[in-house]
Amino acid sequence: MERLTKILQIVSRLIIGATFIFSGFVKMIDPVGTSIKFQDYFEAMHLGFLVPNALVFAILLACVEFLLGVNVLLALSPRHTSWYVLIFMSFMTLLTLYLALGNPVSDCGCFGDAVKLTNWQTFGKNIVLMAFTLFYFYNRKNIPYLYHEHFHWLPSLITFVFGVAVVLHCYFHLPIIDFLPYKLGTNIQKGMEIPVGAAADVYETTFIYQKGGEKKEFTLQNYPANDTTWHFVEQKSVLKTKGYEPPIHDFSLLDKTTGEDITDVVLQDTSFTFLLISPKLEKAVDAHIDQINNIYDYSQDKGYKFYCMTSSVNSEIENWINATGAEYPFTLTDETALKTIIRANPGMVLLKNGTVVGKWNSGDIPDEKAMSEYIAKVNKGTVLKETDPNVSIIWKAFIGYGLILALLLAFEKTVMAMIDAVKRFFSFKNKEKKKKEIVHDPHENPADYKELDS
C-alpha cells in the first residue's frame, strides 16, 4: 500500500506539473493572445473596466502557472505549493463549470491556440486534474525534497523571473512557436478550402405562424403550407451541429478607396506582397514608422505590392496618414482576423503566391539590404522558420534556465554557504555601524558595548 501511494504521488506530481508547465508555457510565448482571451472573458462577464488591464492579467497568469508547475515537479515548498495549486484548481474548476453551462465564450483558452478544447472538455479535464490535485494535497507532508528546504526560494525566484522575461520578450517580438493559422509556410488559399465530403453546419429551422391572435411554431415537416388561415410571422434558424470550419475562414481585403474586394488579386500574385497589419491604427505603436516607410519605398522600387490591412474607420486612417506620412494604400479587414494573422500592432507579413514567407513585429522588420537577402533565400525555395534571431535567443534562454537549476542542485551546499557568508557580512556591517553610532552618542550606555561584544 505504501509503495502504491508513492507511485501515485509521483504520477500526480508529473501530471499536475506537466499540465501547469505546458499551460503556462503556451501563454508565456503568446501574451497578446492570452490578453485577447481575457478581454473576451471580461466583456462576457460584464467586467469591462478590467479590459485595459488584460495584458497584466495575462502575464501574471502565465508566469504563475509555469511557476506552480515547476514547483510541483521539483518539490519546491510542497506544503505551500499544494495549497496554491488546490486554490487555483478549485477556482478554475468552478469557472469552467460556469463556462460549460452558460457558454459565454466558445473556448476557455486554457492551452492558448496550441490545443483547442470545448468548454465541456475543459471542465472534464479539470475534474480529472482536480482528483490528482486532491491526492497531491493530501500527501503534501510526505513529499521528499529535491533541494534543501531552506533553499527552495531561490529556484522559485529564478523560475518566476525567467517566466516574466520570456513573456516580455515574446510580447515585444513574436511568439517563438506560432500556433496561429497563418504561421510561416502556410498557403492562405489552401487554408480556406473545405475538403470534399466535409461535414456541413446543421441548422434547425422553425416557422412562426399566426391565426386569430394565436402564434404557433412549426417545423419544415408540419408547417401549414396550404392553410391560408395561418399567416407567416417569422423564421428562426438555430445551429444544432457545427460542421467543418477551415483554419482560415475570414481573410479578406476590401480596398478602402474603391470598395473593391482584392483578396484574390493579392493571394494569386506570383510575386511578393507586403502586408502591414494593424487591427486598430489608433492603438498602433508608431516607434518604427520610418522603417515601415522605408520598406514601402523598397517595395515600390522592386515592383512589389504593399497594403496596410486595418479595421479602423476612415477618420483614424486619415489621422495615421497625417501623423506618419504614409503613402501606401489601405484595405479594410475584420479586426479579429487581423489579430489572428499576427500578434503585433503593427506587424508585417510577406506573401508570395498566397503563401506566408515572412512575419515580423514592427521593431524587427529588416532593413532594405537584409530584406533583399531574405527575399533571395525565399526565391531559392527556402522558407526560413529559424531566421529570426529572437527565436534562437529564447531557446538558448530555456537551456540556460535548465542548466542554472541543475547547477543549483549539484552545488547546493556551496551556494548555501555563499549566501550565508553574504548574510554574515552584511550582519557584521550593521553591527559595526551600530557600534559607531553608540560611540558618537553623547548619552552612550556602557552596557551597549557589552551587548555588541557578545
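Any idea which of (1) under 42 Å from the mean Cα position of the chain (by Cα); (2) more than 30 Å from T310 (Cα to Cα); (3) surrounded by 13 or more Cβ atoms within 10 Å (Cβ to Cβ) is the one F218 doesn't satisfy?
(1)
Against the definition (modelled with pLDDT of 75 or more, more than 22 Å from F22 (Cα to Cα) and part of a helix (DSSP H, G or I)), how does L407 come out, yes or no?
So L407 passes the test.
Could you identify the single residue in A165, A199 that is exposed (fewer than 14 other Cβ atoms within 10 Å of the Cβ), among the hydrophobic types (A, V, I, L, M, F, W, C) and out of contact with any strand residue (DSSP E or B) (no Cβ under 7 Å at 6 or more places or on another chain)?
The match here is A199.
Given the conditions (1) out of contact with any Gly (no Cβ under 7 Å at 6 or more places or on another chain); (2) touching a residue at least 12 places away in the same chain (Cβ under 8 Å), which single one is not true for L157?
With respect to (1) out of contact with any Gly (no Cβ under 7 Å at 6 or more places or on another chain); (2) touching a residue at least 12 places away in the same chain (Cβ under 8 Å), L157 is out only on (2).
What residue, among those in segment 83-102 that are within 24 Å of E245 (Cα to Cα) and more than 21 Å from the chain's Cα centre (by Cα), is surrounded by the most Cβ atoms within 10 Å (Cβ to Cβ)?
Among those that are within 24 Å of E245 (Cα to Cα) and more than 21 Å from the chain's Cα centre (by Cα), it is A100.
Would you mind telling me which numbered condition in (1) acidic (D, E); (2) in a strand (DSSP E or B); (3) in contact (Cβ under 8 Å) with a residue 60 or more places away in the chain E234 fails?
If we test E234 against (1) acidic (D, E); (2) in a strand (DSSP E or B); (3) in contact (Cβ under 8 Å) with a residue 60 or more places away in the chain, just (3) comes out false.
Pick out the one residue from L101, L86 that is touching a Leu at 6+ places or on another chain (Cβ under 9 Å) and at negative phi.
L86
Of everything in segment 1-48, what is closer than 22 Å to I177 by Cβ and part of a loop (DSSP other than H, G, I, E, B)? Give them in sequence order.
Answer for segment 1-48, where residues must be closer than 22 Å to I177 by Cβ and part of a loop (DSSP other than H, G, I, E, B): I29, D30.
Identify, please: which residue in segment 140-165 is under 22 Å from I16 (Cα atoms) and among the aliphatic types (A, V, I, L, M) and is, among those, modelled with the lowest pLDDT?
The extreme case among them is L146.
All but one of (1) within 14 Å of S77 (Cα to Cα); (2) part of a helix (DSSP H, G or I) hold for L146; which doesn't?
(2)
When the residues of segment 1-43 are filtered to those that are among the small types (G, A, S) and over 25 Å from N103 (Cβ atoms), which remaining residue is surrounded by the fewest Cβ atoms within 10 Å (Cβ to Cβ)?
A18
The values are calculated or read from the model by the stated rules, or taken from the named source; none is laboratory data. Because the structure is predicted, anything quoted here is derived from the model rather than measured. Ideal geometry is used to build each Cβ from the backbone, glycine not excepted, and the neighbour counts take in all protein chains shown.
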